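A.B. asks: Before we start, here is the structure in question, set down as structure tokens.
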């Protein structure tokens, strides 16, 4: 137990037979249960987990019959923790990239301060830029910025970190079966937590790389799907939180802003067509274009400001 709270650590693992023992072997003594979720590995991950379970009674293996992705593995572990009624669930990937010495810092806000979700932030660490691969660092930074908009948690960064601790209350509130199953899971979860008015806090953690891990992060295959997910979840959050659950004018401001932006884009295309085909740029069309873009930007930013103000207490 940690400060009177039961704690389980979910370990999503896909082809991690070489590093799984390192992850489990360095787990602090205050961890009550270690839930290893084998996501249909093609190596000896399951056999290694069975060996570890024989040596440590805290280890439990759950095996997927079909590969679901890291998000699916985490959801499976979370559902087990929720059904067992444990107080907190941490996530530490099976590749050994999460420093166990940082776990108490992540547990403290949840165990003692009423925070619902504490997540690691590697970007504030002084060595993050040097330690993290360049592609992952800049890709993470871009997705983190988009996630601020989508989730409403403007104070969080490093959205792609998987090192987290979640409360019993949040475990019960989220629909884990509807969760995005792959690399966009942390982004999807933040949006869902915001709709439920859960408190989220960033905690500085040390980035760990070059210990033999093999990353499945491929920018061309990840950045665009997650960006699409964030756009869709942004609109879902606004509708769910500010229309269905609690009517708020910010939804209208943001919707109006987006509509005027679209209208302005149509006028821009018209201006380009007339300039290219006829060498003309009608003043009235130019004025309408500038007016719609300016008014749209003003309306959108005002809605965003109200969203920020509405969520400033969720930290």
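A.B. asks: Quick one: 153, 180, fewest Cβ neighbours within 10 Å first, how do they rank?
C.D. replies: Starting with the residue having the fewest Cβ neighbours, the order is 180, 153.
A.B. asks: Please find, in a Gaussian network model of the chain (springs between Cα atoms separated by less than 10 Å), the residue of 57, 207, 12 whose mean-square fluctuation is greatest.
C.D. replies: It is 57.
A.B. asks: By the gyration tensor of its Cα atoms, with a ≥ b ≥ c the square roots of the eigenvalues, what is the shape of the stretch 13-58: rounded for a/c under 1.5, prolate for a/b over b/c, or oblate?
C.D. replies: Note, shape of the stretch 13-58 comes out prolate.
A.B. asks: Apply the a/c threshold of 1.5 to the C-alpha gyration tensor of the stretch 7-219 and tell me whether it is rounded, prolate or oblate.
C.D. replies: Taking the square roots of the gyration eigenvalues as a ≥ b ≥ c, the stretch 7-219 is rounded.
A.B. asks: Under 10 Å, Cα contacts only: if you run a Gaussian network model on the chain, which one of 91, 31, 191 comes out with the highest mean-square fluctuation?
C.D. replies: 31
A.B. asks: Specify the angular offset, from 0 to 90 degrees and rounded to the nearest 10, of the alpha carbon long axis of helix 283-310 from the longest principal axis of the alpha carbons in the chain.
C.D. replies: 30 degrees
A.B. asks: Provide the percentage of antiparallel DSSP beta bridges, counting only those with both residues in the chain; round to the nearest 5.
C.D. replies: Antiparallel: roughly 30 percent of the beta bridges in the chain.
A.B. asks: Does the stretch 248-310 classify as rounded, prolate or oblate by the C-alpha gyration tensor (a ≥ b ≥ c root eigenvalues; a/c under 1.5 gives rounded; else a/b over b/c gives prolate, otherwise oblate)?
C.D. replies: Taking the square roots of the gyration eigenvalues as a ≥ b ≥ c, the stretch 248-310 is prolate.
A.B. asks: Over the stretch 7-219, what is the relative contact order in whole percent, taking alpha-carbon pairs under 8 Å and six or more residues apart?
C.D. replies: Relative contact order of the stretch 7-219: 26 percent.
A.B. asks: Helix 70-84 against the longest principal axis of the chain: what's the angle in degrees, Cα atoms only, rounded to the nearest 10?
C.D. replies: Long axis of 70-84 versus the principal axis of the chain: about 60 degrees.
A.B. asks: I need to check one value: relative contact order of the stretch 248-310, counting alpha carbon pairs closer than 8 Å and at least 6 residues apart, in percent.
C.D. replies: Relative contact order, the stretch 248-310: 56 percent.
A.B. asks: Using Cβ contacts closer than 10 Å as the measure, can you line up 87, 99 from fewest to most?
C.D. replies: Sorted ascending by nearby Cβ count, the order is 99, 87.
A.B. asks: Among 256, 147, 161, what is the fewest-to-most ranking by other Cβ atoms within 10 Å?
C.D. replies: 256, 161, 147
A.B. asks: Students often check this: by mean Cβ neighbours within 10 Å, which of 15-26, 292-303 ranks highest, and how do the rest follow?
C.D. replies: 15-26, 292-303
A.B. asks: Another question, if that's okay. Calculate how steeply helix 250-278 sits against the longest principal axis of the alpha-carbon atoms of the chain, using the helix alpha-carbon long axis, and give the answer as 0 to 90 degrees to the nearest 10.
C.D. replies: Once rounded, one gets 60 degrees.
A.B. asks: Same structure again: Given a 10 angstrom Cα cut-off, can you work out which residue in 192, 228, 58 is the most mobile in a GNM of the chain?
C.D. replies: Highest fluctuation among the options: 228.
A.B. asks: Here's something else I'd like to know. By average Cβ neighbour count within 10 Å, what is the ranking of 275-285, 69-79, 108-118 from highest down?
C.D. replies: Answer by packing, highest mean first, reads 69-79, 108-118, 275-285.
Every number here is computed from the coordinates shown, using simple stated rules; none is lab data. For clarity, every value in this text was computed on a predicted model and none was experimentally measured. Neighbour counts run over all protein chains shown; Cβ positions are idealised from the backbone, glycine included.
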